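Notes follow the structure.
Taken together, the values in this text are just the output of simple stated rules run on the coordinates, not laboratory data. Bear in mind that the values here come from a model prediction, so they are computed numbers and not experimental data. Every residue, glycine among them, receives a Cβ derived from its backbone with ideal geometry; neighbour counts consider all protein chains shown.
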Amino acid sequence: MTTIDGPTEIPRTYYRDGRVLDEELHRVFGANWIFVGHESEVPAPGDYVTRRLGGDPVILARAEEGVQVMLNSCTHRGTQVCKASYGNTTTFRCGYHGWVFGNDGTLRGVPGRRALYGPDFDLAGRGLRRARVQTLHGFVFATWRDDGPSLEDYLGDFRWYLDALFDFFPGGMEVHAGVHRVDVRGNWKIHAENFSGDGYHLRVAHRTMFELGVMGTQAGAVEGFAVNEPHGHALRSQYLIDAQVPDSVFGYEEDLLEAALKRADPQHRKFRERATVIHGLVFPNLLFITTAPVSYGDDAQGQTAFTQIRALTPIDQHTHEVAYWNLVPRDASDTWKSRSYLFATRQHGASSFFEADDLENFRRIDAALGTVAGAQAPYTYELGAGVSTRYTPPWQGPGRLVPQDFTEANQRNFVSRYLDLMEGTR
Ligand code: FES
Ligand SMILES: [Fe+2]
């Protein structure tokens with residue numbers, strides 16, 4: 001069945017077949033805007049971090065003309081020119097035969113150049129391949145496609161939500177305490193779909209956490225909704241129904257919040273007010289979650305708001321790398337930043353209780369992919385299709401709104417976009 005959001009099932013082959021992954025690396029990761037890092041990770045000239053853009057190792061560097069993303073592969077015989085995870089340098093020297101590249105990718109020197117290569121050997125045109133780069137609110141996106149849409153067009157209506165979340169504080173946001181990277185079992189799409197809006201699993205997969213009171217006590221009854229956009233981007237958000245308890249749940253330092261609210265678009269403000277959690281996906285692999293301190297149990301001391309972003313990079317069809325960053329308002333106090341980081345790490349970090357539950361389910365999905373019967377069964381996404389809705393969000397924004405918390409509309413949207421790319425229809 002196909003709904004307005006997309007199909008209600010997809011063959012499991014897409015989660016277990018190495019040939020599918022090869023196609024994905026070309027058609028999904030190789031042909032779209034992919035998040036590679038945050039500008040605040042490379043604040044000074046010469047700063048760099050190494051990442052992967054789908055299947056390709058890349059260097060994100062702050063060169064003289066600004067942030068660059070280039071293939072971390074020597075143009076001589078392909079060796080990685082940078083082995084470190086991060087650092088500061090003006091040049092990268094290949095460890096095999098010693099070619100030297102600037103941090104903008106240009107080839108600067110070749111040992112024995114005149115004597116060994118002759119007078120006609122030109123350095124120009126032999127630099128590291130540079131990706132097309134565009135940034136939004138400090139997020140650095142790159143693509144190998146020179147002829148594709150702009151980042152703006154790629155984000156479409158979803159830009160409104162990214163503005164509301166990441167362009168809220170006058171001084172912007174920055175990465176606090178670097179990046180955590182772990183390899184986990186399970187196809188990358190399982191994780192992407194989960195984050196795009198799986199409200200359905202919370203009370204089952206994370207039940208123990210709620211029962212133990214680790215989350216504290218919810219400040220009131222909640223209701224939620226999903227939003228999706230045809231490029232595959234989507235989010236889910238959950239709201240306190242009673243506006244009086246408390247009126248706003250932002251959870252930032254007072255001065256900072258006041259300054260943010262003063263400049264905020266009124267609908268952006270409504271979108272964020274009373275939201276206990278907002279999480280989602282920028283297609284295909286950038287995830288985000290922001291939560292507010294709305295729980296008041298004994299264990300809830302020191303809670304703050306926090307914002308975490310994640311990037312998923314496939315390793316093979318059964319495994320992916322997750323990178324986690326904590327974003328904080330640049331102008332928050334150091335004490336607040338540390339507290340937010342602590343809370344984010346405890347609740348949603350690589351070794352957190354939420355993550356333990358989710359990763360166990362991702363592993364079990366992978367373990368049950370099967371070869372014959374297992375592989376022939378589909379994954380299904382029928383939740384909420386054809387059910388009448390009841391929640392009216394307190395704000396107005398663009399995109400396809402699905403006013404119910406328990407729906408697989410965003411997963412259907414993900415599958416729709418994914419299959420379009422894989423089948424080459426756009
Ligand atoms: S492979 Fe880099 S210099 Fe030869
Ligand atoms: Fe979860």
How much FRET efficiency would the formula 1/(1 + (r/R0)^6) give for His180 and Leu25, where r is the Cβ-Cβ distance and R0 is 35 Å, rounded to 0.05?
0.90
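So between Gln244 and Glu211, what do we pick up on full extension, going 0.36 nm a residue minus the alpha carbon distance? Intermediate values should be presented prior to the final figure.
Values: separation 33, 0.36 × 33 = 11.88 nm, distance 2.55 nm.
Gain in length upon complete extension: 9.3 nm.
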Nearest-20 debye value, region 156-422 charge dipole, Cβ charges on Lys, Arg, Asp, Glu:
340
Before rounding to the nearest 500, sum -39500 (n - 2.57) across all DSSP H runs of length at least 4 in the chain and divide by the residue total; then give [θ] at 222 nm in deg cm²/dmol.
-7500 deg cm²/dmol
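Calculate the FRET efficiency for Glu258 and Ser333 from the Cβ-Cβ distance with a Förster distance of 22 Å, rounded to the nearest 0.05.
On the way: r = 15 Å, r/R0 = 0.66.
That gives a FRET efficiency of 0.90.
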With an 8 Å cut-off on Cα pairs and a minimum separation of 6 or more residues, tell me the relative contact order of the chain in percent.
22
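Rg/Rh for region 156-422 to two decimals, with Rh computed the Kirkwood way over all alpha-carbon pairs. Each step should come with its number before you reach the end.
Details: Rg = 18.1 Å, Rh = 19.1 Å.
On the Cα set of region 156-422, Rg over Rh gives 0.95.
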Value of Rg/Rh across region 12-127 [Cα atoms, Kirkwood radius]
1.06
Whichever lysines have a C-alpha closer than 29 Å to that of Lys189, once near sequence neighbours (fewer than 8 apart) are set aside:
Lys83
Which FRET efficiency value, to the nearest 0.05, do you get for Ser351 and Ala84 by plugging their Cβ-Cβ distance into 1/(1 + (r/R0)^6) with R0 = 30 Å?
0.75
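When the chain is fully extended, how far beyond the present Cα-Cα distance does His97 get from Glu223, taking 0.36 nm per residue of separation? Could the numbers behind the result be given before it?
Values: separation 126, 0.36 × 126 = 45.36 nm, distance 6.09 nm.
Answer, rounded to one decimal: 39.3 nm.
If you average the sequence gap of Cα pairs under 8 Å that are 6 or more apart and divide by the length of region 33-144, what percent do you get for the contact order? Kindly include the intermediate steps, with their values, before the conclusion.
Values: 236 pairs, mean separation 30.5, N = 112.
Once divided by the residue count of region 33-144, the mean separation gives 27 percent.
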Scanning the chain, every Cys lacking a C-beta partner under 4.7 angstrom -> Cys82
